[in-house]
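Shown next, in structure tokens, is the structure this report addresses.
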Amino acid sequence: MSLFDTSPLAAAQAAKQAPLAERMRPRTLAEYSGQQHLLGDGKPLRLAIEHDDGGSMIFWGPPGVGKTTLAKIIAQVTQASFIEFSAVLSGIKEIKQVMVEAEKAAGFGSRTILFVDEIHRFNKAQQDAFLPYVERGTIRLIGATTENPSFEINAALLSRCRVYTLVALSEDEVLALLRRALADEERGLGAMGLEADDDALTTIAAYASGDARNALNALEVAAKLADGRGGKTITKALAAEAMQRRMLLYDKKGEQHYDIISALHKSVRNSDPDAALYWLGRMLEAGEDPMYCARRVVRMAVEDIGLAAPEALNLCLSARDAMHFLGQPEGGLALAQAVVYLALAPKSNAVYTAYNAVKSDIQATIAEPVPLHLRNAPTRLMKELNYGRDYQYAHDVEGRVADMECLPPSLAGRRYYQPTQEGRERQLAQRMEEISRIKAAKRG
């Protein structure tokens with residue numbers, strides 16, 4: 001048999017030797033898991049597939065959620081030729097060559113779906129090369145990206161494609177895939193006669209974080225470990241060994257989830273950088289969604305640091321962006337940098353407390369109208385009704401501060417924001433005292 005033998009027998013043999021994730025790749029919409037917001041009855045993408053809509057599209061979503069699989073299913077359902085293209089391995093020369101061949105095929109009535117994985121890796125010139133062919137309908141472009149198309153795909157190409165957002169699979173959906181792979185004798189592991197503890201499958205599903213490919217790869221390794229040692233059961237310990245990481249006690253939906261994020265937040269609040277780093281690490285290493293951690297870190301910046309160190313918010317937003325851009329594990333370092341900074345920064349919850357007081361007053365008092373002197377008067381009738389009367393333009397008065405009440409009458413004089421003497425807030429407190437003296441002098 002030649003290395004390049006493409007006979008049915010060779011193809012069948014190659015299929016058997018393929019990784020489990022490839023062998024279990026869904027072949028029909030009925031086998032496809034997840035994305036019910038797009039593929040459920042009457043949902044937009046399902047209708048487009050069923051009606052053989054020839055429009056180009058972009059699939060945006062995390063790894064392992066079925067972007068490539070879905071493109072292949074669309075090609076099969078619509079009876080189109082499927083050409084898979086990798087933005088990592090191909091350049092503009094290859095793009096043009098494929099386009100020319102697709103145009104020739106179209107002349108004979110053949111339809112072509114060009115699937116471009118990691119399309120965001122193409123530069124602007126490479127993306128522009130698709131435009132005339134997409135515009136003429138020579139090809140149906142389906143691009144897949146893990147990055148936000150608004151930032152990574154040029155506007156001209158994006159305007160000619162519909163963007164569908166795919167989401168990570170739920171743990172239940174991943175569990176169903178694992179059980180199907182264990183039972184399938186034709187493509188899966190059924191011929192090995194293995195069983196798996198529920199804890200083992202649940203653990204694999206939890207650590208996969210919605211990535212079906214990762215989950216099936218881990219299951220395949222665990223199955224080989226069990227079989228190689230003469231066992232017939234995949235245990236939680238085998239699953240841990242297959243994933244090459246120590247199991248951490250963590251439940252992303254249960255008590256551990258809330259306990260550990262609480263420990264992280266309180267360690268930051270108590271200015272303990274070592275504990276903050278430890279609890280952050282516990283969450284990330286246990287498979288918590290890193291963007292959840294990033295959101296909570298941003299919350300800490302505004303709740304516990306506030307205006308004592310206002311740059312903390314920008315730092316945390318930058319850490320969030322770095323995590324989104326880099327992913328794990330590299331992005332974890334940006335979050336680590338943020339929590340150390342927060343732990344060591346001066347602390348103030350003055351804005352947090354002030355805003356809570358505002359919300360309480362809004363609930364407890366009547367919704368008074370805006371005082372007349374604070375209203376604009378763009379029409380003569382409004383001026384006749386005294387809109388804007390007695391308003392003092394701060395830039396025209398001494399000290400740039402007018403002795404003018406800006407709260408509703410029932411709340412006149414109410415003070416919500418009480419700055420601390422920590423960090424930058426000490427300067428804000430001094431400024432507030434200065435403003436009070438200016439107003440007092442004008443009243444006197």
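Apply the a/c threshold of 1.5 to the C-alpha gyration tensor of the stretch 171-242 and tell me whether it is rounded, prolate or oblate.
Numbers: a/c = 1.80, a/b = 1.24, b/c = 1.46.
The shape class here is oblate.
Among 266/359; 67/96; 43/72; 67/236, which pairs are too far apart, with a Cα-Cα distance over 28 Å?
Details: 266/359 24 Å; 67/96 24 Å; 43/72 19 Å; 67/236 30 Å.
Over 28 Å Cα-Cα: 67/236.
Find out how many positive minus negative residues lie around residue 402, taking Lys and Arg as positive, Asp and Glu as negative, among other residues whose Cβ is under 15 Å from that of residue 402. Can you show the working numbers first?
Values: positive: 389, 400, 437, 439, 442, 443; negative: 390, 396, 398, 403, 405, 434.
The answer is 0.
Which angle between 0 and 90 degrees, to the nearest 10, do you get for helix 171-183 versus the longest principal axis of the chain when only C-alpha atoms count?
Result, in degrees: 10.
Report the FRET efficiency, 1/(1 + (r/R0)^6), for residue 386 and residue 333, where r is their Cβ-Cβ distance and R0 is 56 Å, rounded to 0.05. Mind showing how you got there, number by number?
Details: r = 60 Å, r/R0 = 1.07.
Efficiency computed from Cβ-Cβ geometry: 0.40.
Going by the alpha-carbon gyration tensor, a ≥ b ≥ c the square roots of its eigenvalues, is the stretch 255-344 rounded (a/c under 1.5) or, if a/c is not under 1.5, prolate (a/b greater than b/c) versus oblate? Write out the running numbers ahead of the final one.
Working: a/c = 1.74, a/b = 1.13, b/c = 1.54.
Cα axes put the stretch 255-344 in the oblate bin.
What does the extension gain come out to for residue 441 and residue 407, with contour length at 0.36 nm per residue minus their alpha carbon separation?
Values: separation 34, 0.36 × 34 = 12.24 nm, distance 2.03 nm.
Gain on extension, residue 441 to residue 407, equals 10.2 nm.
Plugging the Kirkwood radius over Cα pairs into Stokes-Einstein for the chain, at a temperature of 4 °C and a viscosity of 1.567 mPa s, what D comes out in µm²/s? Display every interim value, and only then the final one.
Details: Rh = 27.1 Å.
In µm²/s, the coefficient is 48.
Within the set of other residues whose C-beta is less than 14 Å from the C-beta of residue 30, count the net charge using Lys and Arg as +1 and Asp and Glu as -1.
On the way: positive: 25, 27, 46, 180; negative: 31, 41, 50.
That sum, taken over residues with Cβ under 14 Å, equals +1.
Take each of the peptides 291-297, 341-347, average the number of other beta-carbon atoms within 10 Å over its residues, and list them starting from the highest.
Working: 291-297: 19.1, 341-347: 20.7.
Result, highest mean first: 341-347, 291-297.
For residue 93, go through the aspartates and glutamates and keep the ones whose alpha-carbon is under 19 Å away, minus same-chain ones fewer than eight residues off.
Partners within reach: 84, 101, 103, 117, 118, 128.
222 nm [θ] for the chain, helices only, -39500 (n - 2.57) per DSSP H run of 4+, per residue, to 500? If you can, show how the numbers build up before the last one.
Working: 22 runs with 228 residues, N = 444.
Theoretical 222 nm ellipticity from helices: -15500 deg cm²/dmol.
Quick check on packing: order 373-380, 115-122 by the mean number of other C-beta atoms within 10 Å, highest mean leading. Numbers along the way, then the final one.
Numbers: 373-380: 12.6, 115-122: 22.0.
Going from most to least packed, we get 115-122, 373-380.
Report the extension gain between residue 52 and residue 167 in nm, rounded to one decimal, defined as 0.36 nm multiplied by the number of residues separating them, less their alpha carbon distance. Walk me through the numbers on the way to the answer.
Details: separation 115, 0.36 × 115 = 41.40 nm, distance 2.35 nm.
Between residue 52 and residue 167, full extension yields 39.0 nm more.
Given R₀ = 45 Å, FRET efficiency for residue 370-residue 176 by Cβ-Cβ distance, to 0.05? Please list the in-between numbers first.
Working: r = 56 Å, r/R0 = 1.25.
E between residue 370 and residue 176, to the nearest 0.05, is 0.20.
Please compute the length gained on full extension between residue 29 and residue 128, using 0.36 nm multiplied by the number of residues separating them and subtracting their Cα-Cα distance. Walk me through the intermediate numbers first.
Values: separation 99, 0.36 × 99 = 35.64 nm, distance 3.17 nm.
Between residue 29 and residue 128, full extension yields an extra 32.5 nm.
At a threshold of 8 angstrom on Cα-Cα distance, excluding pairs fewer than six apart, so keeping six or more, what relative contact order does the chain reach in percent? Before the final figure, lay out the partial values.
On the way: 610 pairs, mean separation 48.1, N = 444.
Contact order relative to length: 11 percent.
Compute a Gaussian network model of the chain, connecting alpha carbons closer than 10 Å, and tell me which residue from 136, 320, 299 fluctuates the most.
Its mean-square fluctuation being the largest, the pick is 136.
All of the numbers you see were taken from the coordinates with simple rules; none came from a lab. The structure presented is a predicted model; accordingly, all values stated were derived computationally and were not measured. Neighbour counts run over all protein chains shown; Cβ positions are idealised from the backbone, glycine included.
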